[in-house]
Amino acid sequence: GAVVSQHPSRVICKSGTSVKIECRSLDFQATTMFWYRQFPKKSLMLMATSNEGSKATYEQGVEKDKFLINHASLTLSTLTVTSAHPEDSSFYICSARESQGRDEQFFGPGTRLTVL
Amino acid sequence: QKEVEQNSGPLSVPEGAIASLNCTYSDRGSQSFFWYRQYSGKSPELIMFIYSNGDKEDGRFTAQLNKASQYVSLLIRDSQPSDSATYLCAVAASGGSYIPTFGRGTSLIVHP
């Protein structure tokens with residue numbers, strides 16, 4: 001199956017700092033990448049959909065100025081959590097979908113963010 | 001509002017038994033159906049996808065799709081303790097440009 005990597009896998013930061021999370025498709029080109037957030041024992045929550053070369057589409061209730069998404073190439077998308085606060089602490093997971101016509105999403109291993 | 005419903009469980013089965021996980025969906029236009037497994041603290045892993053009515057088998061896993069009744073199920077034969085995880089159902093319209101909708105997941109516990 002297709003491989004998606006995320007970096008870092010775990011990050012601890014101080015309140016007010018910004019954190020960048022990278023998501024890479026290693027062996028395929030991802031025209032679409034998704035960013036999810038998951039709180040403990042809760043379901044996946046889609047934050048935004050990112051298409052290469054265009055602006056991300058954010059889900060209702062997700063602040064686009066706080067969660068900056070850049071999908072500059074077919075293999076890389078980044079999520080930057082700006083001015084992080086403790087309530088932003090969560091498990092952030094990206095997924096990637098191959099070229100149009102393929103529906104399967106492949107998930108990265110996730111990034112656990114802890115904001116102190 | 002597209003909805004995907006799953007019983008949150010936990011579903012508890014003995015080792016060696018068949019585990020049956022069910023999922024219903026509201027959008028009749030749905031064409032693509034996926035089952036993901038998520039271990040605690042890990043990200044989801046794709047285990048099966050199905051597009052056509054009927055059964056699709058892959059090893060110990062069988063996905064069953066009934067579009068008329070709008071449900072998709074996952075059977076796990078010869079369940080093992082290592083199958084204990086949360087199983088997520090995802091549903092999408094076809095074409096690659098549609099965003100899949102995920103269910104909340106069913107927790108499966110396989111006890112020795």
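Every number in this text was worked out from the coordinates using simple rules, so none of it is lab data. What you see is a predicted model, and the numbers here were worked out from it, not measured in a lab. Positions of Cβ are backbone-derived with ideal geometry, glycine not excepted, and every protein chain shown enters the neighbour counts.
Laid out as a table, the results:
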{"quantity": "Only Lys, Arg (+1) and Asp, Glu (-1) charged, at Cβ; chain A dipole about Cα centre in debye", "calculated": "340"}
{"quantity": "Amide H within-cut-off set for B:Q31, under 5 Å, with H built and near neighbours excluded", "calculated": "B:A92, B:A93, B:S94"}
{"quantity": "Of all DSSP beta bridges in chain A, antiparallel share, percent nearest 5", "calculated": "90"}
{"quantity": "Förster radius 30 Å - calculated FRET efficiency between B:Y51 and B:Q80, Cβ distance, rounded to 0.05", "calculated": "0.60"}
{"quantity": "Shape of chain B, Cα gyration tensor, a/c cut at 1.5", "calculated": "prolate"}
{"quantity": "Shielding by partners - mean other protein chain Cβ count within 10 Å, residues of A:46-57", "calculated": "1"}
{"quantity": "Virtual spin-label span in nm between B:S12 and A:T114, 7 Å along Cα→Cβ", "calculated": "3.1"}
{"quantity": "All lysines inside 20 Å of B:K67 as judged from Cα atoms, apart from same-chain residues fewer than 8 positions distant", "calculated": "B:K2, B:K56"}
{"quantity": "Electrostatic dipole magnitude of the protein assembly as shown [Cβ: Lys, Arg +1; Asp, Glu -1; Cα centre; debye, to 20]", "calculated": "460"}
{"quantity": "Between the stretch A:7-58 and the stretch B:48-106, the Cα center-to-center distance that results, in Å", "calculated": "24"}
{"quantity": "Average other protein chain Cβ within 10 Å of Cβ, residues B:28-38", "calculated": "2"}
{"quantity": "Residues B:Y98, B:Y87, B:Y71, B:Y39 arranged by fewest to most Cβ contacts within 10 Å", "calculated": "B:Y39, B:Y71, B:Y98, B:Y87"}
{"quantity": "Summed side-chain charge close to A:S77 - residues other than A:S77 whose Cβ falls under 10 Å, Lys, Arg +1, Asp, Glu -1", "calculated": "-1"}
{"quantity": "Approximate spin-label separation A:S73-A:E59, in nm, with each point projected 7 Å along Cα-to-Cβ", "calculated": "2.8"}
{"quantity": "Proxy reagent accessibility, fewest Cβ within 10 Å first, across A:S77, B:S32, B:S12, B:S69", "calculated": "B:S69, B:S12, B:S32, A:S77"}
{"quantity": "The protein assembly as shown: antiparallel DSSP beta bridges as a percent of all, rounded to 5", "calculated": "90"}
{"quantity": "Farthest toward positive dipole pole in the protein assembly as shown [+1 Lys/Arg, -1 Asp/Glu at C-beta], among A:Y92, B:T24, A:S43", "calculated": "A:Y92"}
{"quantity": "Count of lysine pairs in the stretch A:1-94 with Cα separation under 19 Å (8 or more residues apart, or interchain)", "calculated": "6"}
